Structure formats: structure tokens, C-alpha cells
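To start, the structure itself, in C-alpha cells.
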Amino acid sequence: MNRTPEHAVRMARTLPVSKAAADGDLVLSFLSRVQQLIDGIARKRRARRIARNRVEAHRELAKLPKRVRNDLIFGETLKDHQV
């Protein structure tokens, strides 16, 4: 998804930056908010990639014989299923 610089500026202007940082630096406050926004986007992309990899792994497992597939699937822990 390509974004133009104008689109980035419009997105940045919609961010709630009404309060300045503790030292009164509005730019620092703005940059901190943008960093939080970028971290949130990265976290969502990472979760989607993990889910996509899990789906692909299950598709590949479906190609294996049932006996082998069941041994591999039951070997997963509950933590593996949390995204």
C-alpha cells in the first residue's frame, strides 16, 4: 500500500496532539504519538503475518497422511494458537 506524502501529512494532522510533552515541546509530543501509531501498525502486521503462516502450515499439513498430520497437530501447545 503506497501512500503519498500528502496522505501522510493528512494522517498526521488527524492525530490528537493537543497536549505538549512535560517539557512543553509540542514537536516531541507529536513525534511520540507518531511513533505509537507506527508501533501499532507494526504489531498488527506482525499478528497478520503469524496468522497467515499458521494457515499456510495447516494447508501443508493437510497434504500429509492423516496419521502423520495428527501427530504433528497434537504436538502444538495452546500458546501456539494465541495471536
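The values are calculated or read from the model by the stated rules, or taken from the named source; none is laboratory data. Quantities reported herein were computed from a predicted structural model and do not represent experimental measurements. Virtual Cβ from ideal backbone geometry, glycine too; neighbours counted across all protein chains shown.
Side notes on the structure shown:
- Members of the stretch 24-35 that are at negative phi and loosely packed, with under 11 Cβ neighbours inside 10 Å: Val27, Gln35
- Among the residues of the stretch 44-83, the ones that are among the β-branched types (Val, Ile, Thr), surrounded by fewer than 11 Cβ atoms within 10 Å (Cβ to Cβ) and modelled with pLDDT of 85 or more come to 1 in all.
- Members of the stretch 59-70 that are free of Cβ contacts under 8 Å to residues at least 12 places away in the same chain and in a helix (DSSP H, G or I): Arg59, Glu60, Ala62, Lys66, Arg67, Val68, Arg69, Asn70
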